[in-house]
Amino acid sequence: MVERVLKAFEYGPAAQLDERAAVVGGVCTFRPRGEASLVELVDFVRAAIAYARGHRFRKLLIDTTGLNGVPIPTIVDRFLAAEEWASEADGTVAVALVVEPRYIDPKKFGAKVARDLGLLAEVHTSEAEALDWLASSPKRD
């Protein structure tokens, strides 16, 4: 499944994640592009978290603004995604998502659920904002 998800974002096989990850100042960054469903996006974020955790990167930025076709997630979608990502991160990776403003729940429900489940996560509308947040986020063990 990961290979299909990565291919959907023009990332190719999972083995090529090393070539697609940009690492600057200890922040691992992915910028997926292309057409994607919500399920594919959720799976990609999970794969990126696993990649960051496996390579011992404690800070992960995923800029999704280059994706098309992703519907606005429901409250249930947000809960399930946060639950999956928190499980994958296992308390070791801080995650900053960059999205278009229309994707952000006014109460940031998904980010709150993620934090309640042990994942330090936040949603932003720009990479600069996300990097500022990651810079100020506590170190993860």
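Taking the numbered list (1) modelled with pLDDT under 95; (2) charged (D, E, K, R); (3) out of contact with any Asp or Glu (no Cβ under 8 Å at 6 or more places or on another chain) in turn, LYS59 passes all entries but (1). From the list PHE44, PHE79, the lone residue that is at pLDDT 95 or above, touching a helix residue (DSSP H, G or I) at 6+ places or on another chain (Cβ under 6 Å) and of a type in the set (Phe, Trp, Tyr) is PHE79.
If you go through region 52-77 and pick out every residue that is among the hydroxyl-bearing types (Ser, Thr, Tyr) and surrounded by fewer than 21 Cβ atoms within 10 Å (Cβ to Cβ), you end up with 2.
Can you tell me which residue in region 11-41 is modelled with the lowest pLDDT, limited to those that are assigned to a loop (DSSP other than H, G, I, E, B) and loosely packed, with under 13 Cβ neighbours inside 10 Å? Can you show your working first?
The first filter runs over region 11-41 and keeps only residues assigned to a loop (DSSP other than H, G, I, E, B), leaving 11-13, 21, 25-26, 31-33, 36-37.
Restricting the remaining residues to those that are loosely packed, with under 13 Cβ neighbours inside 10 Å gives 13, 25-26.
Numbers: PRO13: 42, GLY25: 90, GLY26: 90.
Within region 11-41, the match that is modelled with the lowest pLDDT is PRO13.
Would you mind stating whether LEU61 is in contact with a helix residue (DSSP H, G or I) (Cβ under 9 Å, 6 or more places away or on another chain), within 23 Å of ASP116 (Cα to Cα) and not in a helix (DSSP H, G or I)? The answer is yes for LEU61. Give region 96-114 a look and list any residue that's crowded, with 21+ Cβ neighbours inside 10 Å and among the β-branched types (Val, Ile, Thr), or say none. VAL98 - this is the single residue of region 96-114 that is crowded, with 21+ Cβ neighbours inside 10 Å and among the β-branched types (Val, Ile, Thr).
This table checks each residue for (1) part of a loop (DSSP other than H, G, I, E, B); (2) of a type outside the set (Val, Ile, Thr); (3) more than 14 Å from VAL45 (Cα to Cα).
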| position | (1), (2), (3) |
| --- | --- |
| PRO73 | yes, yes, yes |
| LEU80 | no, yes, no |
| TRP85 | no, yes, no |
| THR92 | yes, no, yes |
| ALA96 | no, yes, no |
| PRO106 | yes, yes, yes |
| GLY110 | no, yes, no |
| ALA114 | no, yes, no |
| VAL123 | no, no, no |
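Annotation note: of ASP116, ASP90, the sole residue that is touching a residue at least 12 places away in the same chain (Cβ under 8 Å) and more than 16 Å from ASP63 (Cβ to Cβ) is ASP90.
The values are calculated or read from the model by the stated rules, or taken from the named source; none is laboratory data. Please read these numbers as outputs of a predicted model, since none were measured by experiment. Note that we place each Cβ from the backbone using ideal geometry, even for glycine, and neighbour counts take in every protein chain shown.
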